[in-house]
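A.B. asks: One structure, as structure tokens, below. Some questions next.
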Amino acid sequence: MTEAIERPASAAPPWEYASAPESTDIVRLDHRYGLFIGGEFVEPKSGRWFPTISPSTEETLAEVAEADAADVARAVDAARDAAPAWRALAPAERAKYVFRIARQLQERAREFAVLESLNGGKPIKESRDVDIPLAAAHFFYYAGWADKLEYAFPARGTPAPVGVAGQIIPWNFPLLMAAWKLAPALAAGNTTVLKPAETTPLTALLLAQVMQEAELPPGVVNIVTGAGETGAALVDAPVDKIAFTGSTEVGKIIRRSTAGTGKRLTLELGGKAANIVFEDAPLDQAVEGVINGIFFNQGHVCCAGSRLLVQEPVFDALLGKLKDRLQTLRVGDPLDKNTDVGAINSRAQLEKIEELVESGVEEGAEIYQPECLLPERGFWFRPTLFTGVSQSHRIAREEIFGPVLSILTFRTVDEAVEKANNTPYGLSAGVWTEKGSRILHMAQRLRAGVVWANTFNRFDPTSPFGGYKESGFGREGGLHGLEPYLTFDGGAR
Ligand code: NDP
């Protein structure tokens, strides 16, 4: 691997923070977790279990059932059996269950946050302040729509649920992605089978306990754990809709296998977002936005601002500030409340990041990494900047999904637009400028589903999120996120 670079003399002296670990006592882990089917935890028919670990210590936290095709079929049957009563329930009654789930999430927020950081490696301040509150907010938001669907989509006919939804989610925001999928589906009257990512199943399983406490009718939500094969079995199962968030590669496989089946499909895939800083931008504010854009959640973010485009006159000033800021990022124990950058989610992801970073060095880009001690066990990667990046470099084209920023420059607005759009992806973008007219001009020309102006990585349940091109299709969040779970043609199958 590449060597860390000496701190520049201009950087502020590093603060020594006393450690402030969040206690894990609040989390009660079972030795083993079965599949959540028909409102109960059941043994897998497959007879197989796999360990789930903490990526910051490599310790095994629990064993989790591995669902095979027969287990998935059982979960889909449970969802199918539960569907008629759930869709027939008065919408206001359905809403009460969804509100109850939201409130339970709030009440148990600390437990969820600790478990999320334990199992996924993200800093506790992010799970505590972003993931869990936003997950609860999604349930609150969609609960509010459950009895207002006809007003939400006026003149479209009578809204009805699609039926049984198969929902496959990734490891970067485990509980939040579950909420993005489950909340609109339930509010619209669907029943579901959810497949969490192999490396991060635990908060979804804790959510299953919340479903039990909320007395959600058995079979309305089913959770099948496992690896890619479990996801593939769910895609092939007789469900009415597939909602997938994950890699573009797997998204393409799912697109192929659902083609011609009549199953509805929404895909939320990868990204390689441009974060564009114009010369008139407030630079200190932009630095914070750039840092948040790429180092939030270790860069394991589909909409991460992984390509920084800087207007030439401010390049030197911005780069100096970014390097200084990098020195102050605290990398380490995800459960320490001072930690800014936690553990990489898995060994496989770490190897992918290392391979792409090495390609950047080999292709001639210049690397900068701050000095920082990394824990001996677990999966870690230093926050990394690349300058001298050209558009043909792999680090400028491929999704790294790690704490690695590729910096390019531009001179004119047209060049910024050209470079920003020069990617197969189209999920998000950021614009930093003090001119409102330029923000509007850029937002119209950037081919991205979300364009943030003078901020980055802001999420809101009322706001649609999704991509163009290889970033997928369909929207989650807001009314747009409700629509894929509804049919207006007089009834579901
Ligand atoms: P995947 O796309 O493989 O995983 C996403 C989900 O799909 C997981 O639940 C996964 O299960 C499941 N899955 C895997 N294969 C199949 C299949 N053939 N059919 C149905 N479901 C399947 O992402 P990875 O975890 O492998 O990450 C690889 C890369 O994807 C990352 O490096 C990153 O670039 C990108 N990514 C993008 C995300 C985004 O939000 N846009 C999120 C995660 C990753 P399992 O986890 O058990 O393999």
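The values are calculated or read from the model by the stated rules, or taken from the named source; none is laboratory data. The model shown is predicted, which means the values in this text are computed figures rather than measured ones. Ideal geometry is used to build each Cβ from the backbone, glycine not excepted, and the neighbour counts take in all protein chains shown. Side chains are part of the model used for accessible areas, which takes the heavy atoms of the whole protein and leaves out ligands, DNA and RNA. Shrake-Rupley method; radii C 1.70, N 1.55, O 1.52, S 1.80 Å.
A.B. asks: Per residue, how much accessible surface does the chain expose to a 1.4 Å probe? Answer in Å², no decimals.
C.D. replies: Working: 19190 Å² over 493 residues.
Accessible area per residue: 39 Å².
A.B. asks: Calculate, axis by axis, the spread of Cα positions in the stretch 332-436 along the three principal axes, and write the results as whole Å, longest axis first.
C.D. replies: Extents along the principal axes, in whole Å: 46, 35, 25.
A.B. asks: Using helices alone, I'd like the mean residue ellipticity at 222 nm for the chain: each DSSP H run of four-plus residues gives -39500 (n - 2.57), total over residue count, nearest 500. Present the calculation step by step, with values, prior to reporting the outcome.
C.D. replies: Values: 16 runs with 182 residues, N = 493.
My calculation for the chain gives -11500 deg cm²/dmol from helical runs alone.
A.B. asks: Taking Rh as the Kirkwood radius, which is the inverse of the mean 1/r over Cα pairs, what is the Rg/Rh value for the chain?
C.D. replies: Values: Rg = 22.4 Å, Rh = 23.1 Å.
Ratio of gyration radius to Kirkwood radius for the chain: 0.97.
A.B. asks: OK, next. Over what distance in Å are the Cα centres of the stretch 40-61 and the stretch 369-436 separated?
C.D. replies: 35 Å
A.B. asks: If you don't mind, another one. Could you work out how far helix 347-362 tilts from the main Cα principal axis of the chain, as a 0 to 90 degree angle to the nearest 10?
C.D. replies: Long axis of 347-362 versus the principal axis of the chain: about 30 degrees.
A.B. asks: Still on this structure, I have one more. So for the stretch 15-75, considering every pair of alpha-carbon atoms, how many percent are separated by more than 13 Å? Working shown, then result.
C.D. replies: Numbers: 1286 of 1830 pairs.
The calculated P(r) of the stretch 15-75 puts 70 percent of pairs beyond 13 Å.
A.B. asks: Shifting gears a bit: Which percent, to the nearest 5, of DSSP beta bridges fully inside the chain are antiparallel? Mind dumping the intermediate values first?
C.D. replies: Details: 18 of 58 bridges.
Taking every DSSP beta bridge within the chain, about 30 percent pair in antiparallel fashion.
A.B. asks: Can you send over the carbon and sulfur percentage of the accessible area for the stretch 274-453, probe radius 1.4 Å, protein chains only?
C.D. replies: The value for the stretch 274-453 is 46 percent carbon and sulfur by accessible area.
A.B. asks: Ok, one more. Based on the Cα gyration tensor of the stretch 370-493, what are the three equivalent ellipsoid semi-axes, each the root of five times an eigenvalue, rounded to whole Å and given largest first?
C.D. replies: Details: eigenvalues 195, 104, 43 Å².
Equivalent ellipsoid semi-axes, largest first: 31, 23, 15 Å.
A.B. asks: First select every other residue whose beta carbon is under 13 angstrom from the beta carbon of Gln285; then total the charges, Lys and Arg +1, Asp and Glu -1.
C.D. replies: -2
A.B. asks: What is the Rg over Rh value, at two decimals, for the stretch 274-453, using alpha-carbon atoms and the Kirkwood definition of Rh? Write down the numbers at each step before the final one.
C.D. replies: Working: Rg = 15.7 Å, Rh = 16.4 Å.
Taking Rg over the Kirkwood Rh, I get 0.95.
A.B. asks: With the Cα gyration tensor of the stretch 253-341 in hand, convert its eigenvalues to equivalent ellipsoid semi-axes via √(5λ) and list them largest first in whole Å.
C.D. replies: Working: eigenvalues 235, 81, 14 Å².
In descending order, the three semi-axes are 34, 20, 8 Å.
A.B. asks: Where does each of Thr60, Thr200 land when they are ordered by accessible area, with a 1.4 Å probe and the largest first? Don't jump to the answer; show the numbers that get you there.
C.D. replies: On the way: Thr60 90, Thr200 5 Å².
Greatest to least solvent exposure: Thr60, Thr200.
A.B. asks: Less than 9 Å Cβ to Cβ from Pro91, Lys/Arg counted +1 and Asp/Glu -1: what total charge do the surrounding residues give?
C.D. replies: Details: positive: Arg94, Lys148; negative: Glu93, Asp147.
With Lys, Arg at +1 and Asp, Glu at -1, the neighbours total 0.
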